[in-house]
Structure formats: C-alpha cells, structure tokens
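Okay, structure first, notes after.
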Amino acid sequence: MARSAASEFRDGAWFVALAPITDPKQVPSTIASAVGVRETGSKTAEALLADHFRPRTSLLLLDNFERLLAAGPLVAELLSAAAGLTIAATSQAPLRLSGEQVYLVPPLSLSGSPDSPASSDAGQLFIDRAVRVRPDFSITADNAATIAEICRRLDGLPLAIELAAARVRVLDVEDILARLGNRLALLSGGPSDAPDRHRTLRGAIAWTHELLGPSEAVVFRRLSVFLGGASLAAIEHVCSGEPADDAFAAIDELVGHSLVLADIGTTGRRFRMLQTIREFALERLAESTEAARVQRRHAEFYRDALERLAAAARLDPSAIDVLAPEVDNIRAALGWAAEADEVELGLRICGSARRLWGQQGLVREGLEWTQSFLRMPEQAALEPFRIRALEAAGGLAYWLGDGPSSVAAYRERLARAEGYGTRADVADAQFDLSFGLSSVGQAEAARQAWAAARSGYSELGDALGVARCGWVESSFNLVAQQFSEARGGLTEIIPIFREYRDYNYQGLAIGSLAVCEVVLGNLPAAGRLMTEALLASRGRSGVVGLIISLGVIATLSRLLGRPEEAARFEGAFEGLGQTYGVQMPGPLIQLLELAEARASIRDELDRDVRQGLLEAGRRMTFDQVLEFVQATVGERLIASPSAEKSAS
C-alpha cells in the first residue's frame, strides 16, 4: 500500500524497519539513517529530521512501532514541524497521539463456499502457500471442505494459515486439521530468512505479549478461562484482583494490542480472544499458581447468573435468553467442575440451566451433563442441589420424548424431596411426576400424583400452583375426550396465568384450548387461539411449546382445507423438532388424529409436491414460521369460506 501511495508524494516515501531495535532512544537515528540524513554538528537527530522534512511533501512509513511507544512524541514533533509530512506506523498498539487515526487490520475473510476455499481470502492464501512447498498440491472435492475448516479454525490469521499450509510437505490436510487441537506446537517452521517472530505462531504471539505490563499480562492469562467471549461485567468479576485490580483498563490495553477483540452483539459489547491467542493465554495460566482459583471464579459466576434467572424463567422462558451467548462458557464451567470433582457446583449449574438448554436446542447435551453429575458420589449436604438437578433431568428427558427416563428422574426427585426438601419442593415434584407418568400411559398414577400436588399447593396458598394443576386436569380431560370439561377448566385458569404473568403456562393453556376447539370442529376459534398463542408469545414462550404448536397448526390447516400450508407447517415442525430435540407428546398425537378422523380428512397432494413443501418447511427459521402463521392461520385464513364450511 505504501509503495502504491508513494507516487502521490512529490519528494518521495521512506520505509523504516524498527523491529531490530528495542530502545526508543535509538528511533531518531534509525530514521535518520533510513532517509539519508547525516548526523553532524551540534544538532540532535530530532532537529535534523525536522529540518529535512520541513520543506518536503513526503511519506514516512515506520514499521513495528509497538515496542518503541515511548518514542511516540517524536512522531508528533515531526508532524508539527513539517506540514507536508505524512507518517504511517504499523504497530500492535496505538501510539496514543492527538489526531492519530487508527486503522485495524482484520483477519482474512473466511466468507465463501466450503466447497470452494479459493473463494475466500483465507482459502486463497492457504492454497498459494501449499503449492509453494508442494507443487502437485491441488483442491479436490475431497479436501475442499477440510481446507475451509482449517482456515476457520485458524481464525483467518495470515501467519497461522501460512504455517499450516507449509505442513502439507509431510501431512495431508485431514491430518493438519486433526492436529489443530495443539496449534502452537503444529504451527512452526517458517522460512529461515523470516524474522524469528514470524517462524512460529507462538513466537508471533509472544512478541506482542512481551509488550504487556504486569496487570495486563495477568488479565490476559485469566481471560483464557472464557470460551466464546464474555461481557465486561463477567470479565471484571472473574479477572480482577491483585495485581490486576482494574480489569477495565487492562481490557482497553489488550484490545489496543489486538490480543482481544471487541464485538457488538444483541446482548451488548462482548470481548473475545481468537482461539490461537487463547491457546497461548491458557499456557500462561497453566504456568501460574492461580489457574484453579480463576476457573472456580469463572464457574461460580455463571452458576450465580443461572440461579438468578431460573425463577424468572419459570414464568417467562425468554428471561433466560440473556445467557444465550454464554452457552460455551457454561460448557467450560461444567467441564472444569467435572474434572475438579466439584459436584455441588456442577449440580447447581445443571439444576438451573434446563430452560437454557431447551431454548438453544441443546436438550440432549443438557441431559447428558445433568446425568453425569447425578452419577457422582452422593453427599447429604448436596441433597437440595440433587433435587434441582433431578428436576432438570426429568424435564429434559420429557422434552426428548424419553418417558421412562423422565419418570425415573421425577420419582427419585420426589423421594428426595420428601426426605430433605420443603413442602413446596414436594408439591412441585408431584406435579412434574404427573407429566412423566402420563407420557408413559400410567393415567391413574398420574392422576394420583396430580391430586397430591394440587392438595399441597392449596395448603400452601399457592394460587399459581393450583392453576397449573388446573391445566393438568384439563389435559387429563382432553385425553379422556371430555372436551366440555376441558374447555371450561381452561377458560377459568387462563386469566389467572395472565394475572401472574406466567407466560409459560398461559401459552400452554391457550394451546390446549386450541386443541380442544380443533377436536370439536370449532376451527375459527382454534385458529384465533393458536395465532394468539404463537404471535403474542414471540420471544416469550419456550422453544418446546412453540415447536409443538406447529404440529397442531399443521393439523388445523389440513382441517381448514389447505393441504399445501399444512405440509409446510409439518415440515417446519419436523425440521425444528429435529434441531431442538423436541417430539410431539403421544396423547396429543392421538387427539390430532381423532380430529382428522372425525373430519374424514384425506391428503390428496401429489407426492412430489408434498415432498417439496415439506422440504421448504424444514428450511424455515422460527421468525419465518411466525410470519407464515400470521399470513395463513391469521384473519385471512379464518375468514375464508373453507374455514366456515369446515366449522359448520
């Protein structure tokens, strides 16, 4: 860039390599030597440079200024003395001068098709460098996706990509990718004529790391415990403390040195390390004496965040969404707790993370984490936390359609709650057990658990708990095909959920009432209710309820004589259900099949047409599905002649 711009400067351009020097006092004489100014007489090198540039229109490029920031005032002095002088400095830290314009150099672009790595800047660099060391190297259908993944795993960093590409001398690209778990060991052996800092990735990062002060270096290594970035509040909580009492100031410096990136997301500004840099920071943390303490603070921060939000999320599942960017950090916290045998910490995180797993489509992973901590050795002091973790395990298994596992977890939870928990714990355990028992066809046992829960809530004066039991009773009535009783009960409890702002059960109750109307053939009413349940709950209702609602809407659309739209909704239900690990409860499937049997519905779509519509539905996102609901099951559809005809 400097070479291309040189023609714009009448008196020329000069390049000054500063990497070989480490003393800021040597900068003036190094510049003087590069531009041909002889140091003679009594004038200082600074004065001679000012005299040289004053009458000229010229460009001065100072390369690798980061270790010489104390010489920054010289730049300001020269610019002040010579109006026609332009100075560009490459540096891994800003010079912090008045009027300084900072231009960040981002990693290479990773955009492009995985099947065509050459369509991205990073892929082009890898291929170019690979061909240099192995002339017969070429892109094939077999290695294209692997090359793209290597570039992605290396964060688009040019030096890392060059060093990785050089390994094709002895490794296939699949082997290079497999070895990226230890990037710093793999990425070495650069050209012998390159500077030492460019011959290994570790050397390049160490070059910048050596610029840090003691406080910044401490925060740098502590930041490595975060996976996927973190908010400033999280960083200040985890990374502060002697000798890094001001984590905010340290972060500012680390961003300036390009060791940390600042991103703007939906939940605000977040700070993250590239994985290659994080690996280096993890090594520094492991070398310190504080690794376990910092990891514990990290895990406890996310434990506390989850526990603060768990109660609110029971009423409003979207309350947990603020932690959506923290899933990787929660995984890291659970991983450390498991390695360190911190059973209480793991149980508490698992006991509060159930809705987050569901919202993020990680139900099976959440269940596996929870079960792993429940299998760890028992301690009497941990009973309250085991009860919460068993609640989570039962709920996650229920969402996966694994009725037996759900019942087993809920039964154990109830037994422990009766021995160690509060009366509210017992009532909650009985309430949830009724769900699990119903899912495996144990109707009478489910009713007994439900009746015990309702009695417990009544004794506690818990009006919301009683209303939730009312929803379960209506569900029992629906399964028993006692539709008038179900409709009456749901109509009574929906206002209670609205009063308590229990968006979760409000959506469930409205959905149940819609199912009731579907089976009774009151299709306009069912359409209004389903539209209300979905659209009014946008951003509030849980993912599980939203997905199940799509299955109901697919049936409703068929009943309304719109098989094309029904196929789209069915595809959306299948696609999102598979992504999020959600299945339709068996009793609900039976009710929907009953509604279709009553209406003698036959799907007369051409097989290829139906398959195409299903596939289109499978590709829809949540937002696209909700927009489709509004455009179809909304007022336009309900007011259509076919809807009125079907309802009559």
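Per-structure values
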quantity: Qualifying residue in segment 493-510 (condition: open to solvent by 10 Å² or more (accessible area, probe 1.4 Å), over 22 Å from Asp316 (Cα atoms) and charged (D, E, K, R)); calculated: no
quantity: Selected residue [open to solvent by less than 50 Å² (accessible area, probe 1.4 Å) and modelled with pLDDT of 90 or more] from Gly488, Gly421; calculated: Gly488
quantity: The lone exception for Arg331 - which of (1) surrounded by 15 or more Cβ atoms within 10 Å (Cβ to Cβ); (2) out of contact with any Asp or Glu (no Cβ under 9 Å at 6 or more places or on another chain); (3) within 22 Å of Glu368 (Cα to Cα); (4) not aromatic (Phe, Trp, Tyr) it fails; calculated: (2)
quantity: Any hit, segment 443-451, residues being part of a helix (DSSP H, G or I), modelled with pLDDT of 95 or more and within 26 Å of Ile330 (Cα to Cα); calculated: no
quantity: Pairs with Cβ under 9 Å, 6+ apart, first in segment 617-629 and aliphatic (A, V, I, L, M), second open to solvent by 80 Å² or more (accessible area, probe 1.4 Å); calculated: Leu626/Arg538
quantity: Odd one out for Arg454 among (1) in contact with a Lys or Arg (Cβ under 8 Å, 6 or more places away or on another chain); (2) under 22 Å from Ala480 (Cβ atoms); calculated: (1)
quantity: Some residue of segment 369-391 being small (Gly, Ala, Ser), modelled with pLDDT of 90 or more and part of a loop (DSSP other than H, G, I, E, B); calculated: no
quantity: Matching residues in segment 382-409 - criterion: being over 18 Å from Glu344 (Cβ atoms), open to solvent by less than 10 Å² (accessible area, probe 1.4 Å) and of a type outside the set (Gly, Ala, Ser); calculated: Leu396
quantity: Residue within segment 187-195 that is surrounded by 15 or more Cβ atoms within 10 Å (Cβ to Cβ), at pLDDT 85 or above and touching a Leu at 6+ places or on another chain (Cβ under 7 Å) present; calculated: no
quantity: Filtered residues of segment 245-263 (kept if surrounded by fewer than 19 Cβ atoms within 10 Å (Cβ to Cβ) and in contact with a strand residue (DSSP E or B) (Cβ under 8 Å, 6 or more places away or on another chain)); calculated: Val255, Leu261, Ala262, Asp263
quantity: Residues satisfying the stated conditions in segment 457-484, i.e. more than 39 Å from the chain's Cα centre (by Cα) and farther than 21 Å from Ile589 by Cβ; calculated: Ser458, Glu459, Leu460, Gly461, Ser484
quantity: Any hit, segment 140-149, residues being buried (at least 20 other Cβ atoms within 10 Å of the Cβ), more than 26 Å from the chain's Cα centre (by Cα) and of a type in the set (Asp, Glu); calculated: no
quantity: Condition broken by Cys239, with the remaining ones in (1) touching a Leu at 6+ places or on another chain (Cβ under 7 Å); (2) at pLDDT 95 or above; (3) open to solvent by less than 40 Å² (accessible area, probe 1.4 Å) satisfied; calculated: (2)
quantity: Scan of segment 583-631 for residues that are part of a helix (DSSP H, G or I), loosely packed, with under 14 Cβ neighbours inside 10 Å and small (Gly, Ala, Ser), ordered by number; calculated: Ala597, Ala631
quantity: Matching residues in segment 127-179 - criterion: being of a type in the set (A, V, I, L, M, F, W, C), within 20 Å of Gly203 (Cβ to Cβ) and not in a helix (DSSP H, G or I); calculated: Leu154, Leu157
quantity: Leading residue by the ranking (modelled with the lowest pLDDT) among those in segment 306-327 that are open to solvent by less than 20 Å² (accessible area, probe 1.4 Å) and in contact with a Leu (Cβ under 6 Å, 6 or more places away or on another chain); calculated: Ile320
quantity: Residue satisfying all of: in segment 539-582; in a loop (DSSP other than H, G, I, E, B) and closer than 22 Å to Asn504 by Cα; most open to solvent (accessible area, probe 1.4 Å) among these; calculated: Arg540
quantity: Sole residue being out of contact with any Cys (no Cβ under 7 Å at 6 or more places or on another chain), among the hydroxyl-bearing types (Ser, Thr, Tyr) and at pLDDT below 95, chosen from Ser458, Ser474; calculated: Ser474
quantity: The listed residue being acidic (Asp, Glu) and open to solvent by less than 50 Å² (accessible area, probe 1.4 Å), out of Asp175, Asp155, Asp128; calculated: Asp155
quantity: Enumerated helices (runs of 4 or more DSSP H) restricted to segment 455-536, each holding at least 3 residues that are under 22 Å from Arg558 (Cα atoms) and among the β-branched types (Val, Ile, Thr); calculated: 503-520
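The values are calculated or read from the model by the stated rules, or taken from the named source; none is laboratory data. Treat the numbers as computed from the prediction; the structure is a model and nothing was measured. Cβ: placed from backbone, ideal geometry, glycine included. Neighbour counts: every protein chain shown. Side chains included, ligands, DNA and RNA excluded: accessible areas come from the protein's heavy atoms. Shrake-Rupley method; radii C 1.70, N 1.55, O 1.52, S 1.80 Å.
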